[in-house]
1. Using a cut-off of 16 Å between alpha-carbon atoms, which lysines can reach LYS301, once sequence neighbours fewer than 8 places away in the same chain are excluded?
2. What percent does the relative contact order of the range 217-272 come to when contacts are Cα pairs within less than 8 Å and at least six residues apart?
3. Per the helix-only calculation at 222 nm, which mean residue ellipticity applies to the chain, given -39500 (n - 2.57) for every DSSP H run of n ≥ 4 and division by its residues, nearest 500 deg cm²/dmol?
4. Pull up all non-local amide H partners of VAL17: gap of 5 or more, or a different chain, and H-to-H distance under 5 Å with H placed in the peptide plane.
5. Using every Cα-Cα pair within the chain, state what percent have a distance larger than 34 Å.
6. To make sure I understand, if each residue's beta carbon is the centre and we count other beta carbons within 10 Å, what order do VAL107, VAL21 fall in, fewest to most?
7. If I take R0 = 22 Å and measure r between the Cβ atoms of TYR208 and THR97 in this structure, what FRET efficiency does the formula 1/(1 + (r/R0)^6) give, to the nearest 0.05?
8. Name the long-range amide H neighbours of PHE77: under 5 Å, sequence gap of 5 or more, or other chain; modelled H, no Pro or chain starts.
Amino acid sequence: MSIFNTGMNPFKKTKVVPVFVTITSDYAKYAAAAISSLMRHSNPKRHYRVIIMYDKLRLIDRWRLRNMVTRNVAIEFHKMKYNLYMQIIVRYCAKRTGSGDFFSNAVYYYRAFIARLFPQYDKGIYIDSDTILTGDIGELYDIDLGEKVIAARVDPKVAGVPEFVRYVENALGVPAKEYVNSGVLLMDLKKLRKLHYITKMTDLIREYDADLVAPDQDYLNVILKGQIKHLGREWNCQPEGESYRGAKLLHFNLSKKPWYHEDVTCGELFWKAAKGTGFYGDLMREKESYTIDEAKEAQMKIEALIKKADELSKMEKPIFDSGVSS
Ligand SMILES: [Mn+2]
């Protein structure tokens, strides 16, 4: 029996909306809240498929995520294989363990594989696990990409930090007003396949072995420079520091996480979404056991990241030669 037990073939009426999430067991509980909020705000007339790309995910977590399935939102799993691309990424990540390295985990790069691993889709969405839907993600899917390869929002965290602005312009050669956040992506998967995106990214990693501030995101901006459509604030609204009126997707990016802190803007929406999942108790316990030292460490990581951006921004020409963008 189909999980789409609606008495008709849903695929005949509308296209399924594929939404990709990339996790390890550490992120399963946050992703569950994101998925639950997606379900709550889905259009009952449409069908969605959440595809969870993972490497290490405990059986119990897979089971709990799988049980979230609803009439119009399917859940699917894809285990990442250690192919050549992954080996390059894992090796690269293993070297980046210094302070200020948020991105030393291969899981951040899984989104770069979507086009290659899922040839059955021509268009798809990627969302970070630290997001919450407050609108129908199907509306994001419907946005016309025109000639562009992906759509993403210009990173609001960059504009406010002069070190970040100088870093993206000097070290990456990307204008700050064009530099996007990679936490929410609408992708033309056909075009990404044509560009051989994953090959391009791993070629850059191999050739330069560059120490960057936000690796997967920096590579995305460098490779797709000039080919990105800019989404409005509503599709990647970062409520700490900007208005969340009319927002359809909230992103707790580089800010206090609602699963650690009490006073987080829109944090109650995260908890509301978490309540409907099998992870609520785990999340509550995590919040209760979060220590002042851990909070200090998180703050120091952000400061180290800014310091690193400042150092890298002093270089005379961009890290990657011109001609990388396709
Ligand atoms: Mn994020």
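1. LYS301 reaches LYS157, LYS256, LYS257.
2. Reported as a whole number, the value is 23 percent.
3. Calculated from helices alone, the mean residue ellipticity at 222 nm is -11000 deg cm²/dmol.
4. The answer is HIS47, TYR48, ARG49.
5. Cα-Cα pairs of the chain separated by over 34 Å account for 20 percent.
6. VAL107, VAL21
7. Taking R0 as 22 Å, the efficiency between TYR208 and THR97 is 0.75.
8. Close amide H contacts, sequence-distant or interchain: ILE52.
Read the figures in this text as sums done on the coordinates, not as results from a lab. Keep in mind that this is a model prediction, so the values were computed, not measured. Glycine also receives a Cβ, built like all others from the backbone with ideal geometry; neighbour counts cover every protein chain displayed.
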